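Take a look at the structure below.
Each reported figure results from applying straightforward, stated rules to the coordinates on display, with no laboratory input. Since the structure is predicted, the reported quantities are computational estimates derived from the model, not experimental observations. For neighbour counting, all protein chains shown are included, and Cβ atoms are generated from backbone atoms with ideal geometry for every residue, glycine included.
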Amino acid sequence: MPKQIDHEKRRKQIAEATWRVILERGMEGASARNIAKEAGLSLGALRYYFSTQDELLAFAMKLVQEKVTARIKDIAVRDLLPKEKVLQILLEMVPTNEETIREMEVWFAFTAYARHKKDMFDANHDGIFSGMRNLIAYLDESDLLKQKADKDIEAERLYALVDGLALHAMLDPVRVNKDRIKRVIMQHVESICVEDTRETQKRHP
């Protein structure tokens, strides 16, 4: 009986091979030939799964997004105090370990390549800004956001903070390490929030 091939699994393996090629050679080295070689496939087999290079790159980019989203969804259902939940979610959007640094490096390479290819991927609608707005709304619904805060501006500031930290962490991971990132995000969240009485009760039962 012929061996059954999990085509979706194979597509993901090709996408992961694409990440490795980009990390080693940059976007200019992400040719179909190099990706096929990294994935251990013939060029013809690669074309069976992805008819064009842009189709493959769009899939590989989406897979990075899906991995981050899955981790965020896992945090969202945990029983955490609101500020702690927001902190944990934001930490998933900034590279703080080897795996997430690789993901972020690939993501930046993809967005730079795709910014002139709106039919391939619109980086302006990658879901990050809407995620920031959801976090600000969540703090507001939890009665933690300061009353005079402009929610739209606070979402923009949070977006800029996360993007800036992500870029700096990728370029200088020794200085912008996990502890420093966590402290910066915590301080920012505290600056836009009122004190949470539940946190006070937790510290002083």
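Brief remarks follow.
- Projecting the Cα atoms of 17, 181, 170 onto the charge dipole of the chain, computed from C-beta unit charges around the Cα centre, puts 17 farthest toward the positive end.
- If you run the Gaussian network model on the chain, springs between alpha carbon atoms under 10 Å, then out of 114, 36, 149 the most flexible one is 149.
- Charging the Cβ of each Asp and Glu at -1 and of each Lys and Arg at +1, and nothing else, the dipole of the chain about its Cα centre rounds to 560 debye.
- When only Cα pairs below 8 angstrom with a gap of at least 6 residues are kept, the chain shows a relative contact order of 20 percent.
- Taken about its Cα centre, the stretch 121-192 carries a charge dipole of about 380 debye when Lys and Arg each add +1 at the Cβ and Asp and Glu each add -1 at the Cβ.
- Here each label is just a point 7 Å from Cα along the line to Cβ, and for residue 77 and residue 111 those points are 2.8 nm apart.
- The stretch 148-182 and the stretch 52-102 have Cα centres spaced 15 Å apart.
- Over the residues of the chain, the helix contribution to mean residue ellipticity at 222 nm works out to -22500 deg cm²/dmol, using -39500 (n - 2.57) for each DSSP H run of at least 4.
- Computed across the stretch 1-51, the Kirkwood radius stands at 11.2 Å (inverse of mean 1/r, all Cα pairs).
- At least 20 Å along the helix axis (C-alpha) and Kyte average at least 1.6, DSSP helices within the chain: none
- Amide hydrogen neighbours beyond the local backbone of residue 193, cut-off 5 Å, H modeled: 146
- Here the dipole of the stretch 1-51 is about 160 debye; that uses its Cα centre as origin and unit charges on the Cβ of Lys and Arg (positive) and Asp and Glu (negative).
- Tail beyond 28 Å, pair distance distribution of the chain (Cα, percent): 38
- Taking Lys and Arg as +1 and Asp and Glu as -1, the other residues whose beta-carbon sits under 11 Å from that of residue 38 total +2.
- Summary: within the chain, the longest segment free of trypsin sites (Lys or Arg not before Pro) located in DSSP loops with at most 13 other C-beta atoms within 10 Å is 4-77.
- According to the Cα-based calculation, Rg over Rh for the stretch 9-123 is 1.04, with Rh computed by the Kirkwood formula.
- Cross-link partners of residue 85 among aspartates and glutamates (Cα-Cα below 18 Å; sequence separation of 8 or more within a chain): 74, 140, 141, 143, 154, 179, 190, 195, 196, 199
- Exposure proxy shown here: for 96, 52, 111, the number of other Cβ atoms within 10 Å sets the order, fewest to most, as 52, 111, 96.
- Distance violations [Cα-Cα > 29 Å] among 83/117; 151/178; 146/182; 67/148; 117/151: 83/117; 67/148; 117/151
- Here each label is just a point 7 Å from Cα along the line to Cβ, and for residue 9 and residue 27 those points are 3.3 nm apart.
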